[in-house]
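Colleague: Have a look at this one.
Only the coordinates and a few stated rules stand behind these numbers; no lab work does. These numbers come from a predicted model, not from an experiment. All Cβ positions, even for glycine, are placed from backbone atoms using ideal geometry, and neighbour counts span all protein chains on display.
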Amino acid sequence: MSRTMTVAAKTPSQAGAKAGSRSALGWVLHNVVWIWLIALVVIFGLFNQFFFTVNNMQNIMVQATVLGMLGLAVALPLLVAEIDLSLPANLGFSSAIGAMAYSDWGLPWFPGMLIGVGVATFIGFFNGLCITKLKMVSLIQTLSMMIILQGALLALTQGRTITNLSDGYVWIGQATIGGWPIMPFIFVVALVGVGILLTRTVFGRRVYAVGGNPVASNSAGIRVDSVKIMIYTLAGFLAGIAGFLLASWQMAITSNQGSSYLLYAIAAPIIGGVSVFGGRGNVIGVLGGVLLLTVIQVGLAIISVPSFYVGMIGGFMIFVAVAIDAIRVRYFS
Amino acid sequence: MTVPMTAGSQAAGDYVLKVEKLGKVYGGAIALRDVSLAIRRGTIHGLLGENGAGKSTLVGLISGQRQPSSGTIYLNDVPLAHSDVQKMEEAGVFLVTQEPMIIDHLSAAENLMLGIWPRRFGFVNWRKLRADAARMLAGTGIDGAMRAGALDAVARRKLNILRAMFSGGKVIILDEPTAALTVEDRKQLFDFMRRLKADGVTFIFISHYNDEILDICDAVSVLRDGALAGGSEDVGSLTSAQLSELVLGRGLVLFQRERRSFATDTPAVELRDIVGPSVRVPALDLRPGEVVGFTGLPGAGAKELARCIFGLTPVESGTIRFADGSATQDLPTSPRDAFASGIAFLSDDRRRDGAIGQMSIGANISLSSLTSVARSGFLSKEAELALSQRYFDAMGIKAPSAEVAVDTLSGGNQQKVCLGRVLATEPRVLILDEPTRGIDVGVKQDVLRIVDELSRTGVAVIIVSTDTDEITRAVDRVCIFENGTIARELTGSEITNDRLRGLEPS
């Protein structure tokens, strides 16, 4: 039966060549994040040789860890066509709870840390409940949750910075093996873990289905609400781990811990190709987005761009990445 | 029998629209190849063809949504250079899409004049708007003050056609305007079109249904594989079989199930005391291997009961008992429960709740049976591939491979993917809601054949359909719904098109 649309035999060589150059351009645009990343590394390196040093590479990896954990967390609700703006605030609040469990309630640091991560996970779960069972709009629900958590952190700390963290607590943020910091290792584990979850498991497949078409997913026998609640819970958990890592690395918890990550944590997965409309994206993309943003931040600092210009130039570089990606979607998919 | 389209036989002025050697290439695929046709002023010109035959591409070019790769479009014998939707609309060519473009919260009158609201001192002149609208709507049965969202399907279609006319439409292209309309609605719409035709409006009418084309069109053009397969300026001289042959390029063997009587068989499924929103069915038995048709007017309960059985609509009460000796249980409360107890359902609206467009064919097929191809939550690549390949082949899905995204398939093939997905769950009861709506006559036979074969394996099948032809061809027994309950049943030789049609109010 050959009743479908006829595919043109590519008789003229011109058509073949055109298709070839088109697919080459498509490939470039498809991998624009990575190409842009390499280009920026080269450019920054040319400006300042220090950029290529092992020290700096280690610095970038450490810097990328917290943003990466948070970017992964933000990517999850995006995959099911929802959003969670409260994750960076959750990071700050939960780490403060964990630290206070140690300093004020006299618990050892490890259970304290677990309480912090537990609180973060529960907040994620609660967000999921509100969005599915109460049908609250995720943008507004998590925005209000963000404001609540930021306020709660301020109230907890009374505006002061928590610094009396135990040696055990800060160990992970400071420890090195053979001169290499171990913190990025946690990010790699999370990246691989989430990657396996999304691509190799029944749950992951359901996540993409729900993001692609929730109504059809329901008809296909998927419990859409459960999938979303799980996703929010997992995002909360990752934010909790990120909170622990940030506090451990900085050896301090400020009264607005985490807030500065908000926009970058949202930008990273989107730059990495996670669709805000759900159902599209993968962890490799998130990694690319995270590394790109981190390289921009670190690079601008290293080549001594006056701090007044850092924000503007960094923003412009992100804009270019997003614009090229939009062009790719417009013409190549 | 085929009368090739020749534009020269009459005075040129007779033709409002002509296209010459129109071609369109997407990427490497030829969507349309050297299509020439001429459309006489004040006629209804049918455009027929399978899914993917190039109908949408052709009207897309004519309406200015897309640019032709080659060829020329003439409007009133004037060749049109590069055009766009706005230019074509100014010239009087309007495309009315399948999904009525209507803003629900505005009134019918406001929708009618969308974009051309009369103004006065920069403000909307409401009085003039209402007066103009009332004049246009006179005799259509539509109240201009009514909220558009409250209008029924046929009124919405009419509103769209009127809007096109009111904006100066001389040539109105209707893309499958009868989809989702009942027999009565269809009749109303056709009367309306005939009236407008008498006023000099020209229609291009796209349809999958031969009987519609024969009923309303003056002339017809048939597309196949992106090229003009034939046509006629005198539709009256054509038969339905001739049209089908033109569409398919071969004689079409219409599927006909050999009806059996199952009356004495032990039921595979006993449904009892179902009370749900607008459904009340005390008892219904399904026998293994039986194909039961549910039909009736919209809202009469056929579709509603099907959705209750699958757990998509919550019920007040209702039980189900399977013949395997298991206990009587409540109806499933969710699709997931339904699948778990062996009930599968295929929705009538595959865009809304059928396939996941951006996922691959394979991933769609396995979506409802993921646990069967996984071990402790981890998918087995081989098992999944085997499952999806099996149904990809069995359904005869036309695509390069099962890796292709469902988005890129034609409607009929998307429907086969959805069918493959529900069959992959190996159901005991299969419920199909309008399984062949909006798919072409060739794929329709494929779908009915697949269902027939499945029933031979002992699966009980329910087909919900308002297409009487489909019912007569595919089922052993028909349940006719009225007021939320089964009013009558027909079996065996009682099932005829006429008898089913006669039950529709005329």
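Colleague: Quick one: helix A:202-212 against the long Cα principal axis of chain A, what's the angle to the nearest 10°, folded into 0 to 90?
Modeller: 70
Colleague: Give me a single rounded figure for A:205-211: the average over its residues of other chain Cβ atoms within 10 Å of their Cβ.
Modeller: Average neighbour count from other chains, rounded to a whole number: 4.
Colleague: Moving on. Calculate how steeply helix B:411-423 sits against the longest principal axis of the alpha-carbon atoms of chain B, using the helix alpha-carbon long axis, and give the answer as 0 to 90 degrees to the nearest 10.
Modeller: Approximately 10 degrees, to the nearest 10.
Colleague: Per DSSP helix of 4 or more residues, -39500 (n - 2.57); summed, then divided by the residues of chain B. What does that give at 222 nm, rounded to the nearest 500?
Modeller: Values: 17 runs with 157 residues, N = 506.
Result for chain B, helices only: -9000 deg cm²/dmol.
Colleague: Could you give log10 I(q)/I(0) at q = 0.11, 0.12 Å⁻¹ for segment A:184-333, computed by the Debye formula over C-alpha point scatterers of equal weight, without solvent?
Modeller: -0.54, -0.64
Colleague: So, with +1 on the Cβ of K and R and -1 on the Cβ of D and E, and no other charges, what is the size of the charge dipole of chain A about its Cα centre, to the nearest 20 debye?
Modeller: Details: 15 positive and 6 negative charges, 268 e Å.
With only Lys, Arg, Asp and Glu charged at Cβ, the dipole is about 1280 debye.
Colleague: Return the whole-Å distance between the Cα centroid of segment A:196-247 and the Cα centroid of segment B:98-148.
Modeller: 45
Colleague: Would you pull out the residues with amide H under 5 Å of B:G293's amide H, same chain only if 5 or more places away, H placed 1.01 Å from N?
Modeller: HN-HN under 5 Å from B:G293: B:I463, B:D476, B:R477, B:V478, B:C479.
Colleague: Can you give me the relative contact order of chain B as a percent, contacts being Cα pairs under 8 Å and 6 or more apart?
Modeller: On the way: 1011 pairs, mean separation 76.9, N = 506.
So the answer I get is 15 percent.
Colleague: Through the Karplus equation 6.51 cos²θ - 1.76 cosθ + 1.60, θ set to phi - 60°, convert the phi angles of segment B:340-347 into ³J(HN,Hα) values in whole Hz; use x for Gly and Pro.
Modeller: 4, 9, x, 9, 10, 9, 10, 6
Colleague: Among B:F94, B:F378, A:F316, what is the fewest-to-most ranking by other Cβ atoms within 10 Å?
Modeller: Numbers: B:F94 22, B:F378 14, A:F316 11.
So the residues, fewest neighbours to most, are A:F316, B:F378, B:F94.
Colleague: Restricting to Cα pairs below 8 Å that are 6+ residues apart, what does the relative contact order work out to for segment A:191-267? Please round to a whole percent. Let's see the in-between values first.
Modeller: Details: 23 pairs, mean separation 11.4, N = 77.
It comes to 15 percent, rounded to a whole number.
Colleague: Further, regarding this structure: Averaged across B:351-358, how many Cβ atoms of other chains sit within 10 Å of each residue's Cβ atom? Could you put the intermediate results ahead of the total?
Modeller: Details: counts 3, 4, 8, 5, 4, 12, 4, 11.
Counting Cβ atoms of other protein chains within 10 Å of each residue's Cβ and averaging gives 6.
Colleague: Separate question: What is the Cα centroid distance between segment B:39-86 and segment A:145-182, reported in whole angstrom?
Modeller: 66
Colleague: List every residue whose amide H lies under 5 Å from the amide H of B:L95, counting only residues 5 or more places away in sequence or on a different chain, with H placed 1.01 Å from N in the peptide plane.
Modeller: Sorted by chain and number, the residues that satisfy this are B:I173.
Colleague: Still on this structure, please answer the following. For the protein assembly as shown, rounded, prolate or oblate, judged on the Cα gyration tensor with a ≥ b ≥ c (square roots of eigenvalues), a/c < 1.5 rounded, else prolate if a/b > b/c? Write down the numbers at each step before the final one.
Modeller: Numbers: a/c = 2.04, a/b = 1.52, b/c = 1.35.
Note, shape of the protein assembly as shown comes out prolate.
Colleague: Of the candidates A:G116, A:G221, A:G193, which one comes out as most mobile in a Gaussian network treatment of chain A with C-alpha springs shorter than 10 Å?
Modeller: A:G221
Colleague: Using packing as a proxy for protection, rank B:112-124, B:281-293, B:448-460 so that the peptide with the highest average count of other Cβ atoms within 10 Å comes first. List each step's numbers first, then the result.
Modeller: Numbers: B:112-124: 12.8, B:281-293: 20.4, B:448-460: 17.2.
Highest mean packing first, the order is B:281-293, B:448-460, B:112-124.
Colleague: Which ³J(HN,Hα) values, rounded to whole Hz and listed in residue order, are derived for segment A:130-136 from phi using the Karplus coefficients 6.51, -1.76 and 1.60 in 6.51 cos²θ - 1.76 cosθ + 1.60 with θ = phi - 60°, glycine and proline given as x?
Modeller: Working through the residues one at a time gives 4, 6, 8, 7, 8, 6, 6 Hz.
Colleague: Summing -39500 (n - 2.57) over the DSSP H runs of n ≥ 4 in chain A and dividing by its residue number, what mean residue ellipticity at 222 nm do you reach, to the nearest 500 deg cm²/dmol?
Modeller: On the way: 14 runs with 247 residues, N = 333.
-25000 deg cm²/dmol, from helical runs alone.
Colleague: How big, in percent, is the set of alpha carbon pairs in chain B lying more than 30 Å apart? Walk me through the numbers before you get to the answer.
Modeller: On the way: 68309 of 127765 pairs.
Counting every Cα pair in chain B, those more than 30 Å apart make up 53 percent.
Colleague: Could you go through segment B:282-299 in sequence order and give the Karplus-derived ³J(HN,Hα) for each residue, using 6.51 cos²θ - 1.76 cosθ + 1.60 with θ = phi - 60°, rounded to whole Hz, and x for Gly and Pro?
Modeller: Rounded to whole hertz, the list is x, 7, 8, 10, 10, 9, x, x, 8, 10, 10, x, 10, 9, x, 5, x, x.
Colleague: Kindly state, as a whole number, the per residue volume in cubic angstrom of the convex hull around the alpha carbon atoms of segment A:43-332. Intermediate results must be reported in sequence, preceding the final value.
Modeller: Values: hull volume 41.3 nm³, N = 290.
Convex hull volume per residue, Cα atoms: 142 Å³.
Colleague: Now for a separate question. Along the charge dipole of the protein assembly as shown, which of A:G288, B:G249, A:N213 sits closest to the positive end, that is, farthest toward it, with unit charges on the beta carbon of Lys, Arg, Asp and Glu (+1, +1, -1, -1)?
Modeller: Of the options given, the answer is A:G288.
Colleague: Answer with one residue from A:M100, A:L87, A:I271: the one whose Cα lies farthest towards the positive end of the charge dipole of segment A:43-332, charges on Cβ with Lys, Arg +1 and Asp, Glu -1.
Modeller: A:I271
Colleague: Follow-up question, since we're still on this one. Name the long-range amide H neighbours of B:F345: under 5 Å, sequence gap of 5 or more, or other chain; modelled H, no Pro or chain starts.
Modeller: B:I431
Colleague: Taking the alpha-carbon set of segment A:121-265, what are its Rg and Dmax in Å?
Modeller: 18.0, 54
Colleague: Right, another one. Which one of A:L46, A:L70, A:L191 has the biggest mean-square fluctuation once chain A is modelled by GNM with Cα springs under 10 Å?
Modeller: A:L46
Colleague: Let me check against my output: what whole-number percent is the relative contact order of segment A:43-332, with C-alpha pairs under 8 Å and at least 6 apart? Write down the numbers at each step before the final one.
Modeller: Values: 471 pairs, mean separation 95.0, N = 290.
Relative CO of segment A:43-332 lands at 33 percent.
Colleague: I want the antiparallel fraction of DSSP beta bridges within chain B, as a percent rounded to 5.
Modeller: Percentage antiparallel, nearest 5: 55.
Colleague: Along the charge dipole of chain B, pointing to its positive end and built from +1/-1 on Cβ of Lys, Arg, Asp and Glu, which listed residue (B:S401, B:L214, B:G200) has its Cα farthest out?
Modeller: B:G200
Colleague: Further question on the same structure: Need one number: % antiparallel among DSSP beta bridges in the protein assembly as shown, to the nearest 5. Kindly include the intermediate steps, with their values, before the conclusion.
Modeller: Values: 52 of 89 bridges.
Among the beta bridges of the protein assembly as shown, antiparallel pairing accounts for roughly 60 percent.
Colleague: Determine, for B:S237, B:S207, the number of other Cβ atoms within 10 Å of each Cβ, and report the residues in order from fewest to most. Intermediate results must be reported in sequence, preceding the final value.
Modeller: Numbers: B:S237 10, B:S207 23.
Least to most surrounded, the residues fall as B:S237, B:S207.
Colleague: May I ask for the angle, rounded to the nearest 10°, between helix A:224-250 and the longest principal axis of chain A, with both axes built from Cα atoms and the value confined to 0 to 90°?
Modeller: 60
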